[in-house]
Every structure is written in structure tokens, then in C-alpha cells.
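Trainee: Got a structure here, written out as C-alpha cells. Questions coming.
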Amino acid sequence: MNEKSENRKALPKFALTMLASLAVGGVLGFVIGCSRVLGVDAAALAEGVSRCLDAATPWGIPVTSVLTLGASFLLYRSAAKKFAAWGGGDEDETSESIEEKLSWVLFLSSTQLLINLFFLAAFCVYYMDRDIGALVLVGVFMVSCGLVVFAQQKAVDLVRRMNPEKRGSIYDTKFQKKWLESCDESERRQIGQACYKAYMITTRFCLGLWLALAILSMIFEMSVLPVFVLLLVWGVMQATYTLECIRLGKRSA
């Protein structure tokens, strides 16, 4: 009875969600149809986007590195000053403030790494066959990645100074495993909650991105490769999550 009751409660919301999705799809289809009737040049639009990326690629890594890594340096310096003044007392608010700043350092540096990889791929598309100083661009990429790793190392080292029980070096290939093993139960529970949140958000994002690619394929000439790559990543995530749940379930049984 409880299962049927839960289903009855959830069914109206599910039906409304499906109807809303159909309505959005109908509106988008109507807009696409109107754009074709009005003669909107999708090829010219794609060419404009391509030219923008072409122009931005040489400057993408240095400009974003100055912004994100500069902010990371300021945050780390602020955290280090607070730690030096704190002296390892029992002020929970101070320690939480320091750890929050260091978490932002890790977030910004990780974001910069993704930006670096994007612009390196863009460089391979737009500039590989041009004589514009390829070694300079690759050198900038390497320098930025080196600064990313250095920022993460400084942040992790400061966390270890605050928590001597923590183990692991940012340069160790098994850093995540050793760091997790040195966490207490509360920290592991927090990591588990964050991972589940990331899983749910990524699942919804993949669904939205699939929908966006399906719509864009109606406007632009696109191959099936982007959709295949998206579904491959989505499938790996889903399979990993499910198989790991099965494995952990057997261990606890």
C-alpha cells in the first residue's frame, strides 16, 4: 500500500513535468521552423562563432590564468595569514574560514585546468596548420598548468598543516585514495554527500545537454559524434555508480 501511495503522490508531478517538456519542445520546434521560413543563415551563425573562437584562442589561456590563478593566489595568501595568526587554537569559525578559502583555491585552479584543455583543443583546430608560434602557445599552456598544480599543492599543504593526520601529496598518483583514507567518518560522509550531489547534477546536465544537441542538430549540420561522446560519458558515470553500489552492498552484507 505504501508503494502505491508514493506512486500516486509522485505521478501528477511526473505527468506535469512530461507535459512541460513537450510544450518546451513544441515551442522550440516552432521557433526553428520560423527561423527556416525567415531564412536565418545557420551556416553564417556557425561561421561567426568559429571566428570568435579563432580570435580568442591565442589569448584564452593567459587572460583566464591571470584572473583565476591571481584570485587563487590572493585567497591562499589570505588563508595563510589567518592560519599564522590563528596558531591552531579551538576557534572553529577561523578554521572553517581558512578551509573555505582553500576550497575556493582548489575550485578556481581546477576550473583553470579545464579552460586550458579547452583552449589547447581549440588551438589544435584553428592554429595547428599556421605559423604563429605554436611553441609559444604550448609553452603558455604548460606554464599555466604548472601554476595550477603549484596552487593546488600550496592549498593541500596548508590543509595538512592544519590537520596533521591528513596524508597524501598532490604529486602522488594515489593522492585521492590516501587522502580519503586519512579522513574521519564525518569527512567521509561529507564527501559521499558531495559526490551524490555531483552525480545527480551531472545526470540532469547530461540530459539537458543531449536535448540541446538534438535541437542544434536541427539547425546546424552536425555529426552524431558529439551525441555519442556525451552518451558515452553519461553511460560510464551511470555504470560506475551502479556497479560500485553493488560492490559496496556485497561488502557490507
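The values are calculated or read from the model by the stated rules, or taken from the named source; none is laboratory data. Note that the coordinates shown come from a computational prediction; the quantities given were computed from them, not determined experimentally. With ideal geometry, Cβ positions are generated from the backbone for all residues, glycine too; neighbour counts draw on all protein chains shown. With ligands, DNA and RNA removed, areas are computed over all heavy atoms of the protein, side chains included. Shrake-Rupley method; radii C 1.70, N 1.55, O 1.52, S 1.80 Å.
Trainee: Cross-link partners among lysines for K154, C-alpha distance below 24 Å, same-chain residues fewer than 8 apart left out?
Mentor: Result set, ordered by chain and number: K81, K82, K101, K166, K174, K177, K178.
Trainee: Same structure again: Give the residue list of chymotrypsin sites (Phe, Trp or Tyr not before Pro) in segment 166-220 that are DSSP loop and have at most 10 other beta-carbon atoms within 10 angstrom. Display every interim value, and only then the final one.
Mentor: Values: sites: Y171, F175, W179, Y196, Y199, F205, W210, F220; in loops: Y171, F220.
Loop-located and lightly packed - Y171.
Trainee: Mind listing the phi-derived Karplus ³J(HN,Hα) values for segment 137-144, rounded to whole Hz, using 6.51, -1.76 and 1.60 with θ = phi - 60°, and x for any glycine or proline?
Mentor: Once θ is set to phi - 60°, the couplings for segment 137-144 become 5, 5, x, 4, 4, 5, 4, 4 Hz.
Trainee: Across segment 197-253, how large is the tail of the calculated P(r) beyond 19 Å, expressed as a percent of all Cα pairs? Intermediate results must be reported in sequence, preceding the final value.
Mentor: Working: 689 of 1596 pairs.
Percent of Cα pairs beyond 19 Å in segment 197-253: 43.
Trainee: Could you sort E93, E100, E187, E244 by accessible area so the largest value comes first, with the probe set to 1.4 Å?
Mentor: Values: E93 155, E100 110, E187 50, E244 70 Å².
Ranked list, largest accessible area first: E93, E100, E244, E187.
Trainee: Skipping prolines and chain starts, which residues have an amide H placed within reach, meaning under 5 Å, of the one on R167, given they are 5 or more residues away or on another chain?
Mentor: Excluding prolines and chain starts, which carry no amide H, the hits are S182.
Trainee: If you project the alpha carbons of segment 161-237 onto the principal axes, what extent comes out on each, in Å, largest first?
Mentor: 56, 25, 20
Trainee: Mind checking the per residue accessible area of segment 99-253 for me, 1.4 Å probe, whole number of Å²? Provide the component values of the computation, followed by the final result.
Mentor: Numbers: 10680 Å² over 155 residues.
So segment 99-253 comes to 69 Å² accessible per residue, rounded to a whole number.
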